[in-house]
Amino acid sequence: MRQLKEQGRIRYLGITHYREDAQDTVAQIVRSERVDFVQINYSLAERGAERTLLPLCQSRGVAVLINRPFQDGRMFRAVRDRPLPAWAGEIDCNSWGQLFLKFVVSHPAVTAAIPATSKPKNMADNLGAALGRMPDAGQRERIAALLA
Ligand SMILES: NC(=O)c1ccc[n+]([C@@H]2O[C@H](COP(=O)([O-])OP(=O)(O)OC[C@H]3O[C@@H](n4cnc5c(N)ncnc54)[C@H](OP(=O)(O)O)[C@@H]3O)[C@@H](O)[C@H]2O)c1
């Protein structure tokens, strides 16, 4: 991979995983190797990356892509019968999906999230999380308390 990068055939080189129990190993690699990005799992329901990996990547200038931002859809089931809180409008969220995604992408270490969907309607909804006001640290904790 390093050779391909030196040859200009790839621009960025990174490592990925999708489970919290692998994040210590991912952190070791970020400390010992030169990587441009990591792709890891992070969501309201799985906040383990906040302890070490996200601050480490931020301090080293390593880009961070987030997989499983909805915990594979499980988070939608947790809020199925609940109305969106009225204050979601303060950060320009019209849906639970946007609230969940803004929590993820507003972490200062996060570069982008890659939510999965099989439905164009949900893709359009998720794109809404790229627009409008983003939560500050206090608003992030308010979102987190919704699933506590
Ligand atoms: N590198 C790695 O090791 C790795 C590992 C795992 C995943 N990934 C990648 O990470 C991405 C995310 O993966 P993920 O599948 O774990 O899941 P996810 O994004 O956490 O959740 C996807 C689920 O959320 C539902 N959903 C999405 N948008 C919605 C919305 N607006 N409203 C209601 N439901 C919504 C989808 O259902 P519908 O289809 O009905 O919308 C689907 O069931 C994927 O691109 C995947 O390829 C990478």
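Within the range 21-58, the set of residues being acidic (Asp, Glu) and under 22 Å from residue 137 (Cβ atoms) comprises 46, 50. No other residue among 148, 78, 109 is farther than 16 Å from residue 41 by Cα, away from the ligand (no atom under 14 Å from the Cβ) and either in contact with a strand residue (DSSP E or B) (Cβ under 6 Å, 6 or more places away or on another chain) or at pLDDT below 95 (or both) apart from 148. Among residues of the range 95-125 being of a type in the set (Gly, Ala, Ser) and assigned to a helix (DSSP H, G or I), the one that is nearest to the chain's Cα centre (by Cα) is 97. Within the range 116-140, being acidic (Asp, Glu) and within 16 Å of the ligand (Cβ to nearest atom) holds for one residue alone: 125. Quick one: count up the residues across the range 57-71 that are surrounded by fewer than 18 Cβ atoms within 10 Å (Cβ to Cβ) and part of a helix (DSSP H, G or I). Selection size over the range 57-71: 3.
For the range 49-72, indicate whether the set of residues that are at pLDDT 95 or above, within 9 Å of the ligand (Cβ to nearest atom), of a type in the set (Gly, Ala, Ser) and within 24 Å of residue 146 (Cα to Cα) is non-empty. There is no residue in the range 49-72 that is at pLDDT 95 or above, within 9 Å of the ligand (Cβ to nearest atom), of a type in the set (Gly, Ala, Ser) and within 24 Å of residue 146 (Cα to Cα).
Have a look at 131, 101 and point out the one that is exposed (fewer than 13 other Cβ atoms within 10 Å of the Cβ) and in contact (Cβ under 8 Å) with a residue 12 or more places away in the chain.
Answer to the selection: 131.
The values are calculated or read from the model by the stated rules, or taken from the named source; none is laboratory data. Remember, predicted model here, so these are calculated numbers, not experimental data. Here the Cβ is made from the backbone with ideal geometry for all residues, glycine too, and neighbour counts use every protein chain on show.
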